[in-house]
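The values are calculated or read from the model by the stated rules, or taken from the named source; none is laboratory data. Since this is a predicted model, take the numbers as computed values, not measurements. Note that each Cβ is placed from the backbone with ideal geometry, even for glycine, and that neighbours are counted across all protein chains shown. Note: areas computed on protein heavy atoms with side chains; ligands, DNA, RNA excluded. Shrake-Rupley method; radii C 1.70, N 1.55, O 1.52, S 1.80 Å.
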Amino acid sequence: MFVSASNYAKNVDSVMLYIIGISVALLLIITFAMIIFVIRYNRKKNPIASQIEGNKTLEVVWIIIPVALVLTMFFYSFSVYKESRVVPPNAMNVKVEAKMWAWKFYYDNGKVTDTLFLPAGRPVKFNIVSQDVNHSFYIPAFRIKEDAVPGRENYMVVKPEQIGAFDIACAEYCGLNHSLMYTRVYVVPEKEFAQWLNGEVDDDYLRKYVASHSEGYKDYLSGSYAILFAKGCVQCHNIDERKGIGPSFPELRRQFARVNVGGKDTTVVIDKEYLRESILYPETMIVKGYEKQAMPSMLNKIKDEELELIVDLLYSNFVKNKQ
Amino acid sequence: MANGVLAERLENYLEHKTHKGIFAWILSTDHKRIGILYLVSMVTFFWVGVTLGFLMKLEMLTPGKTIVDAQTYNTFFTLHGIIMIFLFIIPGIPAVFGNFFLPIQIGARDVAFPRLNLLSWYLYIIGGLFAIASLFLQGGPIDTGWTFYVPYSIRTTTNVILPLLGAFILGFSSILTGLNFITTVHRLRAPGMTFFRMPLFVWALYATAWIQVVATPVVGITIVLVIIERALHVGIFDPALGGDPLLFQHLFWIYSHPAVYIMILPAMGVVSEIIPTFARRTIFGYKVIAFSSLAIALIGYFVWAHHMFSSGMSNTSRAVFSLLTFLVAVPSGVKVFNWVATLYKGSIELRAPLIYVMMFIFLFSIGGLTGLVLGSLATDVHVTDTYFVVAHFHYVMFGGTAIILFAALHYWFPKMFGKMYYEKLAIWATPFIFIGFNMLYFTMFILGYNGMPRRYWSYLPEYQTLHIISTVGSWILIAGLAIMFGNLIYSLFKGKPAEANPWGGVTLEWQIPSPPPAENFEEIPVVNHGPYDFSIINGNSDGKS
Ligand code: HEM
Ligand SMILES: [Cu+2]
């Protein structure tokens, strides 16, 4: 709840507190005045009303005070917001590309990833583009978003400070899987980041680093379907009921799979082993109805840990008949 | 002229039938019957919208699928939004109560163009049917959200054109009603009814009508452009065809932001009627309230881009639109102060309409104050397009306008139908509505600040507790709404006959019988005092004339 992972985020929270503080005060004044008047000037107590048509001074005062208050809000807020629009000279560039329904990140040295890795303490300028419809690149823990609009490049500046893993969401409606378009940002120290960028360590090294150096974050999925998007599974499998190129994931709820093994139809229990087999060696057990085009094998395309993550995720979210 | 004996000889508008059966309604050009036509059709659409809202909240009970899949959910919020915005809250108070009471409050027998008025209702119904027809056609119902953002609305395979046409037709209905009201106010005021003797409800309708006439054509043109682009692949908004998606957003919000004032100004007008009546005193700062309506209508044109702080505008535009947004908040705030001040030293009778108004002041203030969070750049780019915004606009539109529509329904019910509603039951409904409402929507502020985006079929498990509270809130709220409408419908048949002036109001509608005669006034009244001049009745011992 209310994770804030940069100075900018803390400043935004202060602006929020300032505005909400004043608002609550005004709300209480209005509400109490209203209730007190209704009780105090009840018809029984006050049978004849006083016909007061107005009061110039009072009315001027309650125009001027709100104007002054909102002006302070405007200036305070704007002074904080500037930080996200002014690009510092030492900023690192990352290109963010949105596409229904996944993110891709391009680093200046040619590295491309589907989860984001950032060094702590260094400002980053995101250049945000879209391949298809509008999306919005949103990192709640940094309190900032900027739309990805096709045909133009938008930018925003962020300076991550805290080591950790934070959600990235799509905040501009983009169709069917809008709500599943999550990925993550991993913030690591400059040194580890540099090693990774130069190819000395891999993604997993950084993930493990984050897992062991930050609070609360132990598994790198926590209920989101990020990895299914990152690994491209959703291009063929839908997370809702509709059939795609392959069967939808919710169909895994059936207890047995009818498959074709070496030209013969049989049934197999859907368990973790079945999931592993289907992902690594799809051609050995082709799901009934999909004989024309088996799934491409994921052998050597995904790492062992990723396979286990996917299997756990599918098993716990979709398989209903657990033994 | 407020003479019951004399008036009783006149046939009231419900007895006066120009045609047989249903045709007495759907062919009538009487502004009062047209008002009722709108009321019945709007309440029907409202309940369709509520049902969709109920289903959405049910789906939100768990992450992942609860009752419907993602595609269905996406069509739900789109239809919910379209129905609530275009079929319920925009026509809303002007179409029902404006039609019924604007002519009466200025001492006229009808609006300036009665036939045009009936045409507006037909356009409204046709537009509504178009919007809903996509449900039953191949390709499935529209799934773009009520904002129809391109390029998605150009590319999706669902039925987009039909609901767009619907919105286009509804726009015409709105423009014609606006024209009708402007002309009526200028041409048909009774002798002595100067502008500054008009009730504030009339002022509000007048300001609203100008927005309807000036802003609605922009959205009409925009919609036509989207239809052309979708059907003929002419590049206007879609970059794949050489267009600019931000252009669409600008055009859309140039209408849809002022439309927010189309929704709220008439409600503010109703508040300015109800408070003086139940406090039995003149309104505090009549001119300030009247002019702030105009100010809102005017400045309201220059803040549209605060819906686009994150879509890629220049930094200067962001700053300018943020500043103007803060300033437009002030006149609304001033109105709230004036209303509360009107209760001061009044002689207050706490009846259902006033309870709804108090609920409005609380909920609308929350809506307005959280609007400051959205006008402020630093906080807006965090919460825009999250549940914070969903909460904010429900507080403003539902807690504001819709609650006042309910207040108006109670306030004018005796006049419109000649029956009293049951006060106890009406009051019993309010705590359900109030508690349910806040459970349903206050949780959404927290969800939004925690980063849950809107229009999400599924969500991260950490949001679930708040969603459960919110869903339970929706049940309580809907129960309250059912009690309220149930009471009114029951009273329609079983209510006691209403007096001409049950609340002791002083505007003109209270000086004629309930229900009003077909021609409103036997003789056009001559007006010689302001709208809230209670001195005429304060001399009277029981306060009622
Ligand atoms: C019991 C009544 C209602 C319930 C339960 C309800 C619920 C909801 C929910 C849950 C959403 C958010 C959907 C999402 O972003 O995923 C929503 C959106 C919306 N609601 Fe309501 N609502 C109700 C009444 C109203 C009323 C009275 C209005 C208007 C006066 C309204 C106008 C809207 C609009 C314009 C949207 C945005 C749709 C979009 O994103 O395209 N709602 N409602
Ligand atoms: Cu998106």
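Structure notes:
- Scanning segment B:246-268 turns up at least one residue that is open to solvent by less than 10 Å² (accessible area, probe 1.4 Å) and under 24 Å from A:Ser50 (Cα atoms).
- Any hit, segment B:421-428, residues being within 13 Å of ligand 1 (Cβ to nearest atom), part of a helix (DSSP H, G or I) and among the β-branched types (Val, Ile, Thr): no
- Taken over segment A:175-217, the residue count meeting the criterion of being within 14 Å of chain B (Cβ to nearest Cβ) and either in a helix (DSSP H, G or I) or at pLDDT below 75 (or both) is 5.
- Selection status of B:Thr316, modelled with pLDDT of 90 or more, within 30 Å of B:Leu466 (Cα to Cα), of a type outside the set (A, V, I, L, M) and open to solvent by 10 Å² or more (accessible area, probe 1.4 Å): no
- The residue pairs whose first member lies in segment A:45-70 and is more than 7 Å from chain B (Cβ to nearest Cβ), whose second member is open to solvent by 80 Å² or more (accessible area, probe 1.4 Å), and whose beta carbons are closer than 9 Å, counting only pairs six or more residues apart or on different chains, are A:Lys45/A:Ile39.
- Residue that is nearest to ligand 1 (Cβ to nearest atom) [pool: residues in segment A:152-167 that are more than 9 Å from chain B (Cβ to nearest Cβ) and at pLDDT 90 or above]: A:Val158
- B:Leu481 fulfils the conditions (1) open to solvent by less than 10 Å² (accessible area, probe 1.4 Å); (2) in a loop (DSSP other than H, G, I, E, B); (3) not polar (S, T, N, Q) except for a single criterion, (2).
- Within segment B:376-404, the set of residues being open to solvent by less than 10 Å² (accessible area, probe 1.4 Å) and more than 8 Å from chain A (Cβ to nearest Cβ) comprises B:Asp380, B:Val383, B:Phe388, B:Ala391, B:Tyr395, B:Gly399, B:Gly400, B:Thr401, B:Ala402, B:Ile403, B:Ile404.
- Near pairs, Cβ below 8 angstrom, 6+ apart or cross-chain, from segment B:45-56 (open to solvent by 60 Å² or more (accessible area, probe 1.4 Å)) to any residue that is near ligand 1 (Cβ under 7 Å from one of its atoms) and of a type in the set (Gly, Ala, Ser): B:Phe54/B:Ser474
- Test: B:Leu350 is open to solvent by less than 20 Å² (accessible area, probe 1.4 Å), farther than 20 Å from A:Thr72 by Cβ, at the interface with chain A (Cβ under 8 Å from one of its Cβ atoms) and touching a helix residue (DSSP H, G or I) at 6+ places or on another chain (Cβ under 7 Å): no
- Qualifying residue in segment A:130-140 (condition: open to solvent by 70 Å² or more (accessible area, probe 1.4 Å) and either more than 7 Å from chain B (Cβ to nearest Cβ) or out of contact with any strand residue (DSSP E or B) (no Cβ under 8 Å at 6 or more places or on another chain) (or both)): yes
- Of the listed requirements (1) of a type in the set (A, V, I, L, M, F, W, C); (2) within 16 Å of ligand 2 (Cβ to nearest atom); (3) more than 14 Å from chain A (Cβ to nearest Cβ), B:Leu118 misses just one: (2).
- Screening A:Asn93 on (1) in a strand (DSSP E or B); (2) surrounded by 14 or more Cβ atoms within 10 Å (Cβ to Cβ); (3) more than 9 Å from chain B (Cβ to nearest Cβ) shows it passes everything except condition (2).
- Here B:Glu59 passes the criteria (1) within 14 Å of another protein chain (Cβ to nearest Cβ); (2) more than 16 Å from ligand 1 (Cβ to nearest atom); (3) acidic (Asp, Glu) except the one numbered (2).
- Looking only at segment A:107-132, and only at residues there that are within 16 Å of ligand 2 (Cβ to nearest atom) and modelled with pLDDT of 95 or more, the one that is farthest from A:Asn177 (Cα to Cα): A:Phe126
Rundown of residues vs (1) within 9 Å of chain B (Cβ to nearest Cβ); (2) under 27 Å from B:Lys335 (Cα atoms); (3) without any contact (Cβ under 8 Å) to a residue 24 or more places away in the chain; (4) surrounded by fewer than 19 Cβ atoms within 10 Å (Cβ to Cβ), yes/no style:
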{"position": "A:Ala5", "(1), (2), (3), (4)": "no, no, no, no"}
{"position": "A:Val15", "(1), (2), (3), (4)": "yes, yes, no, no"}
{"position": "A:Ile19", "(1), (2), (3), (4)": "yes, yes, no, no"}
{"position": "A:Val24", "(1), (2), (3), (4)": "yes, yes, yes, yes"}
{"position": "A:Ile30", "(1), (2), (3), (4)": "yes, yes, yes, no"}
{"position": "A:Ala33", "(1), (2), (3), (4)": "yes, yes, yes, yes"}
{"position": "A:Phe37", "(1), (2), (3), (4)": "yes, yes, yes, no"}
{"position": "A:Asn42", "(1), (2), (3), (4)": "yes, yes, yes, yes"}
